[in-house]
1. Which of the residues belonging to region 225-242 are part of a helix (DSSP H, G or I) and modelled with pLDDT of 90 or more?
2. Please go through region 208-230 and give me each residue that is crowded, with 17+ Cβ neighbours inside 10 Å and aliphatic (A, V, I, L, M), ordered by number.
3. Taking region 289-325 only, how many residues are loosely packed, with under 12 Cβ neighbours inside 10 Å and at pLDDT 85 or above?
4. Kindly indicate the residue of region 13-72 that is of a type in the set (Ser, Thr, Tyr) and part of a loop (DSSP other than H, G, I, E, B) and also modelled with the highest pLDDT among those meeting that condition.
5. Would you confirm whether any residue within region 109-121 is touching a Ser or Thr at 6+ places or on another chain (Cβ under 8 Å), in a loop (DSSP other than H, G, I, E, B), more than 24 Å from Ala333 (Cβ to Cβ) and at pLDDT below 65?
6. I'd like the full set of residues that are within 13 Å of Val9 (Cα to Cα) and either of a type in the set (Gly, Ala, Ser) or buried (at least 22 other Cβ atoms within 10 Å of the Cβ) (or both), limited to region 75-94.
7. If we scan region 211-224, do we find a residue that is under 27 Å from Pro283 (Cα atoms), assigned to a strand (DSSP E or B) and touching a residue at least 12 places away in the same chain (Cβ under 8 Å)?
8. Has region 164-181 got any residue that is closer than 16 Å to Asn216 by Cα and either assigned to a strand (DSSP E or B) or not assigned by TED's automatic domain parsing to the domain that holds Ala243 (or both)?
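The values are calculated or read from the model by the stated rules, or taken from the named source; none is laboratory data. Everything numeric in this text was worked out from a predicted model, so none of it was measured. A quick note on method: Cβ atoms are made from the backbone with ideal geometry, for glycine too, and the neighbour counts reach across all protein chains shown.
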Amino acid sequence: MINDKAILVGVDGSHASYKATWWAANYAKHAGLTLQIVCAYSLPSYAAVSFDATYTAMGDDNAAHSDAQEILSKAKAIADEQGVEAATLIVTGDPASVFVELSRNYNLIVIGNRGKGGLAERLLGTTSSSLPAYAYCPIVVVPYTDDDGNLMHLNNTITKVAVGSDESKWGLKALEIAAAFADSWGAELDVISAVPKIQGIDGEEAVMESYLDDLNVRIKPLAEAHPNLKINKQVVPGSAVNALTKASWDHDVVVVGSRGRGGFTGLLLGSTSQGLLQHAVTPVYVVPRKYVEAAESRLDTVPSSPAEVTPKPIEAISGVEEVAVPTAEPEVAAKIEAKIDPDRQ
């Protein structure tokens, strides 16, 4: 079962993961992609750490499997409410390694970010094992609340997209993907280039102009490829992470490239207070290193296409099981959505 036209969304019973399911289903419907939902658990720690829905005696695999099916049933109801039929998977074992293998087969992976605990922490917790750093396809991380615990509203239609841009191959690929993504929605694209503050150097204005000239060069082929796309450009002093975090407050999606170990990923995923994923209030679309490197080998690379990597059939990935679960009643989805996004129209 290999489907590069599919989106995979991970759920663990938390409201944050159901919010990610809503975003994934909404985008799948818009883009004409199929949706697959995966619930991951590992024994014996799943009950205390991973699942929000229930607490079952540790070590009881049958009960854990049943809980996973119930979680998937609720997630299917949310997808169904969007008019999207979803297939369902259960993953046992270490979710980080399994999700990396699964990423070979998908157009996009979506996960919800709720801070400490659950699936999100295990996939995003450290730079050494994080999914956005090592996945073979792009990752979207959907926030649940802001730093003060306020629920964040997600719009049905994406109208403004921000992208962090630099001259690295990761930054260039992120720019291409952001342009194609924004164009598919008829959205505006704000391209942000951050100029590091360098102490003791005069001529800051000249440096800013130089960055703007470079930005114009990078944008030119995108304007030609997407003639109907409105592209705005910003050259800002200071940290790229700070600039993109600020942009998350008035954009529907923020796109960024990931260099893998070290580099920008440390700022993107690290434990510092400046980490973008810790503070963004809108979905963050991460373009991973492996995706970029795989795409480099293709002469006919299309920005929105999956990377050219060797896929693995689901049955060849240890710990992955495709299961059929009933869809929960519509009232269940409505109740969950009222919790995760009270402003939903």
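1. Our first condition is that a residue be part of a helix (DSSP H, G or I); within region 225-242, this holds for 225, 240-242.
Across region 225-242, the qualifying residue is only Ala225.
2. Leu215, Ile219, Leu222, Leu229
3. 1
4. Going residue by residue through region 13-72, those that are of a type in the set (Ser, Thr, Tyr) are 14, 17-18, 21, 27, 34, 41-42, 45-46, 50, 54-56, 66.
Now restrict to residues that are part of a loop (DSSP other than H, G, I, E, B): 14, 42, 45, 50, 54-56.
Working: Ser14: 88, Ser42: 64, Ser45: 42, Ser50: 45, Thr54: 42, Tyr55: 39, Thr56: 44.
Filtering first and then ranking leaves Ser14.
5. No, region 109-121 has no match at all.
6. If the condition is that a residue be within 13 Å of Val9 (Cα to Cα) and either of a type in the set (Gly, Ala, Ser) or buried (at least 22 other Cβ atoms within 10 Å of the Cβ) (or both), then Ala75, Lys76, Ile78, Ala79, Ala86, Ala87, Thr88, Leu89, Val91 are the ones that fit.
7. no
8. Yes: region 164-181 contains one or more residues that are closer than 16 Å to Asn216 by Cα and either assigned to a strand (DSSP E or B) or not assigned by TED's automatic domain parsing to the domain that holds Ala243 (or both).
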